[in-house]
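Chemist: Before I ask anything, here is the structure I am working with.
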Amino acid sequence: MENTKENVHFHVETDDDNIVWLHFDKADAGTNVLNVEVFEQLDEHLQQIATESPRGLVILSDKANGFIAGADISAFTEVKNSDQALAFLRRGQDVFNHLEALPFPTVALIHGFCLGGGTELSLACRYRVTRDDPGTRLGLPEVKLGIHPGWGGSARMVPLLGGLKAMDLILSGRSIDGRTGKRMGLVDMVVPERHLRAAARKLVLESPAPHQPGWLDRLSNNALIRPLLARVFSRQVAKRAARKHYPSPYAMIDIWRKHATDRQGMLDAEAQSLAQLITGATAQHLVRVFFLQEQLKSLGKDKSYQPKYVHVIGAGTMGGDIAAWCAFRGFHVSLQDQSPERIAPALKRAHGLFARKLKRPIKINEAMDRLMPDHRGIGVERADIVIEAIFEDAEVKRSLYKDIEPRMKPGALLATNTSSIPLEELYSALSRPERLVGLHFFNPVAMMQLVEVVNGESTSAEAAAHAMTFTRQIDRLPLPVTSTPGFLVNRILMPYLMEAVLLEAEGVPAAVIDKAATDFGMPMGPVQLADTVGLDICLHVARILAGHFNATVPERLDKLVSDGHLGRKSGRGFYEYKKGKAVKPKASAGNWNLEEITNRLIFRLLNESVCCVREHVVESDDLLDAGMIFGTGFAPFRGGPMHHIDAVGAAVIKQQLQGLMSLRGERFTPDNGWNTLMQSSGGSTA
Ligand code: NAI
């Protein structure tokens, strides 16, 4: 291999104790990832180091953000077939086997990200030392991409931690910090940054016996216990992911059940199974979703914008939670409402959030100190960003803006969390309308990653860019959308929800409707979703959208709301709720045409998506897919609505829409955008 200066990814340092320090610093990259070239260079170094018989080897990263983030995911999309994938996996396994077989102590010195292939590499070392901070994360998140470890990650983790702990990490894909890793036996030492090198040196020089799992952990790998545990794992996974849509965790369970104590068998099975999965539709779509997420992240990267103070007005469901989230992410936040009593419940919820997320009392107190109740609205004056989340009423919002704008700093941003009012209806209250932008959060704020960044006709490019950067600073994903009714997500979701209401009114049991949607891959059925959001909120948004788009709101929804059945929050909506959980009457799906139900729901959603693309509510099909996946959980393994249309064929869906239109009514009339789609995919426009 040619080692030009550009593609040298490692460099070696040997210290006075004859310990070799192998620095990984991937050329031309901000993050260390593994690819063919990296493996080849790593192997060359390992062979060379083996001939030098050092006291030990420490592998470390020169990147500030972490050790190794995993495999180079862009390479996944280039894999042509499973044979090619298998060869690549085998090569990686060989290199890690060489590392593991070195006859002297080997240490992975870990800070920041150590995920996927990074954790697999560290497992091939005799010891792991990590930095002691919450930002150091170890894990095998492969299942989130529709695959599982393939470079020996499971083959090595299973004997080290025992089946129960190892499979929990692999099947959930969750990452853990060094302290948790130490408790589980994955990490040997956890130390502050300044002691990292000393800790690695100590492990090499003292060469203690590597971690051994306790008897209970070992027992979970016992051949008699495994079939039993495998069934438990499968049941747990089934709650989150259906086998037909997400085969990888089930494949992993099978591999473990058959080979847990047979290292070579496990390595072979890992590679063979992964080579199949990686070329399958689910993995390819999930990899696409990963890149969509990266695309959204890249929209908010203006490092020069550094706001500090946030002032939130409206301490209700949304404003209270937005304020808490901003304080959790490190901002100084003042929270205003009409009286202290209205702010108090938001502070209580904030404390709950901080306790769940931060755990340590000192951290919880620090976060609480960053969140100031401020019913007089004094914080407006120092705020870099004012977020308005008061009642959904244009007149009330305008009158508030008139009051606060003169007190805002000249460069401060004004963001509204309105879910339906176009910014054009709000500009008139402002002397500087260019600073107004929409920051449309979704409920619950702490769970929903997406924030629609609404760009009205007077919003300046700078305000929109700052809003996107701020969205990233609070670790949410910004989606730029135009200031049209319902923006993107609610607009596309509403026809789908209304179709569910119509189906229910026709007599289809709510549970059957929900099953049709979850079988398609939605995270929650539309009826339950409507109940969860609140039927009053659904009705409000549906009325606004119906006014703009000449649609009708089903009477059934009106009736439920006027009867006080508002969904989960009132104890009854379409379902009854006991202790916050829906009581679903048993309904046999067998009597219903599930395919037609699914088509009615999903095709209305797809039709509205096509309409939004035609009207340029978002800039691209990709952004639409990203918005629906991160804003609603739209079946990620299908890659988003537009990607799904592409996979099934625009002409096929358009034809089915026409069939539904003649059978069920004009609401299924295909949007004109289908013709453009069919032309671009070479179909007929008939
Ligand atoms: P909410 O009714 O729970 O809270 C509104 C709060 O604003 C109340 O506490 C009220 O006292 C306060 N308020 C009203 N006028 C005020 C004023 N002039 N000064 C100070 N405080 C004032 O409402 P929610 O649900 O939090 O909605 C707020 C905004 O967020 C609305 O624009 C809504 O459309 C939007 N939104 C709501 C979502 C939801 O799921 N609830 C989702 C996304 C956006």
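A short reminder: the numbers here are calculations on the coordinates, not readings from a lab. Note that this is a predicted model, so its numbers are computed, not measured. Here the Cβ positions follow ideal geometry from the backbone for every residue, glycine too, while neighbour counts run over all protein chains shown.
Chemist: Need the C-alpha centroid separation for the stretch 90-140 versus the stretch 13-89, integer Å.
Modeler: That distance is 10 Å.
Chemist: How high is the relative contact order of the stretch 524-613, in percent, with contacts defined as C-alpha pairs under 8 Å that are six or more residues apart?
Modeler: 22 percent
Chemist: Considering only C-alpha atoms, what is the centroid distance from the stretch 544-571 to the stretch 271-337, in Å?
Modeler: Spelled out, the Cα-based centre of one part sits 30 Å from the other.
Chemist: Compute the signed sum of charges (Lys and Arg +1, Asp and Glu -1) over the other residues within less than 12 Å, Cβ to Cβ, of residue 554.
Modeler: Neighbourhood net charge equals -1.
Chemist: To the nearest 20 debye, what charge dipole does the stretch 429-512 have about its Cα centre, counting +1 at the Cβ of each Lys and Arg and -1 at the Cβ of each Asp and Glu?
Modeler: Here the size comes out at about 340 debye.
Chemist: What is the stretch 171-228 by shape, rounded, prolate or oblate, if you read a ≥ b ≥ c off the alpha carbon gyration tensor as root eigenvalues and call it rounded for a/c under 1.5, prolate for a/b larger than b/c, and oblate otherwise?
Modeler: oblate
Chemist: Here's another thing I want to ask about it. Say each of residue 351 and residue 303 gets a label point 7 Å from the Cα, pointing the same way as Cα to Cβ; how far apart are those two points in nm?
Modeler: 4.0 nm
Chemist: Sequence neighbours fewer than 8 away in the same chain don't count; with that in mind, list the lysines whose C-alpha is under 16 Å from residue 569.
Modeler: The reachable lysines, counting only those whose Cα sits under 16 Å from residue 569, are 578, 579, 581.
Chemist: Pairing the Cα long axis of helix 248-259 with the longest principal axis of the chain, what angle in degrees results, from 0 to 90 and rounded to the nearest 10?
Modeler: The answer is roughly 30 degrees.
Chemist: Where in the stretch 294-400 are there chymotrypsin sites (Phe, Trp or Tyr not before Pro) that are in a DSSP coil and have at most 13 other Cβ atoms within 10 angstrom of their Cβ?
Modeler: Those satisfying the criteria are 391.
Chemist: Something else: Through the Karplus equation 6.51 cos²θ - 1.76 cosθ + 1.60, θ set to phi - 60°, convert the phi angles of the stretch 496-511 into ³J(HN,Hα) values in whole Hz; use x for Gly and Pro.
Modeler: Along the stretch 496-511, the couplings run 5, 5, 5, 5, 5, 5, 5, 4, 5, 5, 6, x, 6, x, 3, 5 Hz.
Chemist: Right, something else. Between the stretch 454-525 and the stretch 341-363, how far is it from one alpha carbon centroid to the other, in angstrom?
Modeler: Their Cα centres are 28 Å away from one another.
Chemist: Less than 27 Å apart at the alpha-carbon level, and either on another chain or at least 8 residues along: which lysines does that give for residue 182?
Modeler: 63, 144, 165, 202, 357, 359, 363
Chemist: Something else: Placing unit charges on C-beta atoms (Lys and Arg positive, Asp and Glu negative, everything else neutral), compute the dipole magnitude of the stretch 92-233 about its Cα centre in debye, rounded to 20.
Modeler: Using Cβ point charges on Lys, Arg, Asp and Glu, the stretch 92-233 gives about 260 debye.
Chemist: What size of dipole, in debye to the nearest 20, comes out for the stretch 332-403 about its Cα centre when the only charges are +1 on Lys and Arg C-beta atoms and -1 on Asp and Glu C-beta atoms?
Modeler: In debye, rounded to 20, the stretch 332-403 gives about 580.
Chemist: In deg cm²/dmol and to the nearest 500, what is the mean residue ellipticity at 222 nm of the chain if only DSSP H runs of at least 4 residues count, each as -39500 (n - 2.57), divided by the residue total?
Modeler: When only DSSP H runs of four or more count, the value is -15500 deg cm²/dmol.
Chemist: So, one more: Expressed as a rounded percentage, what relative contact order does the chain have, with Cα pairs under 8 Å and six or more residues apart?
Modeler: Relative CO of the chain lands at 8 percent.
Chemist: Separate question: How would you rank 84-90, 167-173, highest first, on the average number of other Cβ atoms within 10 Å across their residues?
Modeler: Packing proxy ranking, top to bottom: 167-173, 84-90.
Chemist: Right, another one. May I ask you to evaluate 6.51 cos²θ - 1.76 cosθ + 1.60, the Karplus curve with θ = phi - 60°, for each residue of the stretch 17-32 and list the ³J(HN,Hα) values in order in whole Hz, giving x for glycine and proline?
Modeler: Once rounded to whole Hz, the list reads 7, 6, 9, 8, 10, 9, 8, 9, 8, 4, 5, 6, 8, x, 10, 7.
Chemist: Can you check what the net charge comes to around residue 364, using other residues whose Cβ is under 12 Å from the Cβ of residue 364 (Lys, Arg +1; Asp, Glu -1)?
Modeler: +4
Chemist: Relative to the first principal axis of the alpha-carbon coordinates of the chain, what is the inclination of helix 82-101, with its axis defined by its Cα atoms, in degrees from 0 to 90 and to the nearest 10?
Modeler: Here the helix axis deviates by roughly 50 degrees.
Chemist: To continue, here is another question. In nm, to one decimal, how far is the residue 524 label point from the residue 281 one, both placed 7 Å along Cα→Cβ?
Modeler: Inter-label distance under the simple model: 2.7 nm.
Chemist: Under 5 Å between amide H atoms, partner at least 5 residues away or on a different chain: which partners does residue 332 have, H built in plane at 1.01 Å?
Modeler: It is 310, by chain and number.
Chemist: Give the peptides 541-554, 215-228 in descending order of average Cβ contacts within 10 Å, highest first.
Modeler: By packing density, highest mean first, the sequence is 541-554, 215-228.
Chemist: Using the Cβ atoms and a cut-off under 10 Å, what net charge is assigned to the surroundings of residue 154, where Lys and Arg are +1 and Asp and Glu are -1?
Modeler: Residues close to residue 154 contribute a combined charge of -2.
Chemist: Using only the Cα atoms of the stretch 597-646, build the gyration tensor, take square roots of its eigenvalues as a ≥ b ≥ c, and label the shape rounded, prolate or oblate: rounded if a/c is under 1.5, else prolate if a/b is larger than b/c, else oblate.
Modeler: Taking the square roots of the gyration eigenvalues as a ≥ b ≥ c, the stretch 597-646 is oblate.
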